[in-house]
Amino acid sequence: MNDVHTPERTVPTRASRLRGGGLRWAALIALSAGGWALGESIGLTAAGLFAALIVAAALAVTGWGPPRVPRPLGKLAQGVLASAVGLMVHRETIAALGSLWVPVVSIAAATLVISVAAGALLALHRDVDAVTGSLAMTAGGATGLVAMARELGGDDRIVAVVQYLRVALVVVSMPMIVTFGFRADTGTGTATATDGGGAEWYVALPFLALFIVGGTAVASLLRLPAPATLGPLAVSAGFELGGWSDAASVPPMLMTAALILIGWQAGLAFDRASLRAIGRILPYAALLTLLVGAACAGLGILLAHLTGASLLEAYLATTPGGLAAVLAVSASTSSNVTFVAAAQVLRLIIMLVTTPIMAKAFAHFSSRRRRARRPAR
């Protein structure tokens, strides 16, 4: 009787699985680093996040992506980003508003209302829930909103795509509107470089650890939504406003690493079904984004009337996103950079603080509606 040899099944060993996972992570890191370098070379806003999002999504959809980013690393990235935003709240900038802070804050609040309305319209689409719609259409704080989307119960893939669609439209259209709409000479001013000073990394890191660990712990105790964002944001802003932050800063490479982690977090969650869903959403989201931009321009006219600022300065102060590009254009046109910066930073803080609270309220309201519609047994 002849022996029949059946092919043996090869069961992947732990070592082979680790090697395979290591290669996937190595590919993700290498390609993301290359995309970040390319984005930086062409002046792309948040190049690390954008490159990481595209690379991670491509690898995830083709089946070559590693597992999702570990939750603690995602929380750490949120804390780093929130601390950087909090340290932008300079006392001198806010104080420079003087008596103008009331109309500036009122316009920021009106922008929030417009964003909420646009989010509610986006949520009418069958592929978008109320929380995701509100986060996706918020006019400001794109990186922070993407970072906290999953924690708040939203779809961070949709939030990332729609938010960066908004940023791209703003960054591309703003120079053309300023040049041809306002007939501004962009060569009359001197663009101010971002402050590259700050403390050495070994001095800054203990402060950063205090902002992230202490802020997250306090926010968790207070049961705030998105504690990994709101806690560090509040503590770092408090240090800045109190004048205690001379030694506090976020090292540039750590900031880049945080943006890349946030991009991976959203990108690795993509699959073919989610890509198809986003393809269905995108035309609708683009139209709403354009309408929000037009509404913000209308608020700029109102802000100019209320504050006496020029129409150009008011337009730059109310542009829905692209903070770095807005400040660069403001400086290059000899506009009042301090006024524009203060208005933009206040809007950014208002959006990042209030949006999680509103998203939590939307989630609670939506769950109550679902329970009310459920037939009684």
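Figures for the structure shown
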item	result
Residue among 320, 175, 72 with the largest mean-square fluctuation in a Gaussian network model of the chain, springs linking Cα atoms under 10 Å	72
Relative contact order for the chain, counting Cα pairs under 8 Å that sit 6 or more residues apart, in percent	29
In Hz, Karplus ³J(HN,Hα) per residue of segment 122-135 (6.51, -1.76, 1.60; θ = phi - 60°; x = Gly, Pro)	5, 5, 5, 5, 5, 9, 10, 8, 5, 5, 4, x, 5, 6
Selected from 352, 23, 87 as most flexible by GNM, with the chain as the system and alpha-carbon contacts under 10 Å	23
Net charge of neighbours whose Cβ lies under 15 Å from the Cβ of residue 238, counting Lys and Arg as +1 and Asp and Glu as -1	-1
Placed amide H near residue 69: partners under 5 Å, 5+ positions off or other chain	none
Scattering profile of the chain at q = 0.11, 0.13 Å⁻¹ [log10 I(q)/I(0), Debye over alpha-carbon scatterers]	-0.79, -1.10
Calculated diffusion of segment 194-298, Stokes-Einstein form, Kirkwood radius summed over Cα pairs, 37 °C and 0.692 mPa s, µm²/s	193
Burial ranking of peptide ranges 77-85, 121-129 (average Cβ count within 10 Å, highest at the top)	77-85, 121-129
The chain, accessible surface, carbon-and-sulfur percent (1.4 angstrom probe)	67
Accessible surface, segment 67-187, averaged per residue in Å² (probe 1.4 Å)	41
Karplus-derived 3J(HN,Hα), 6.51/-1.76/1.60, for each residue of segment 56-65, Hz, glycine and proline x	4, 5, 5, 5, 5, 5, 8, x, 9, x
Cβ-based net charge around residue 303, under 12 Å, with every Lys or Arg adding one and every Asp or Glu removing one	0
Net charge contributed by nearby residues that have their C-beta within less than 15 Å of residue 287 (K/R +1, D/E -1)	+2
Choice from 148, 176, 137 with maximal GNM fluctuation in the chain (Cα, 10 Å cutoff)	176
Probe 1.4 Å, protein heavy atoms only - accessible area per residue of segment 196-303 in square angstrom	47
Relative contact order %, segment 280-357, counting alpha carbon pairs below 8 Å whose residues are six or more apart	22
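The values are calculated or read from the model by the stated rules, or taken from the named source; none is laboratory data. Values in this document were obtained by computation on a predicted structure and should not be read as measured data. Glycine gets a Cβ as well: all are built from the backbone with ideal geometry, and neighbour counts include every protein chain shown. These area figures cover heavy atoms from the full protein model, side chains too; ligands, DNA and RNA do not enter into them. Shrake-Rupley method; radii C 1.70, N 1.55, O 1.52, S 1.80 Å.
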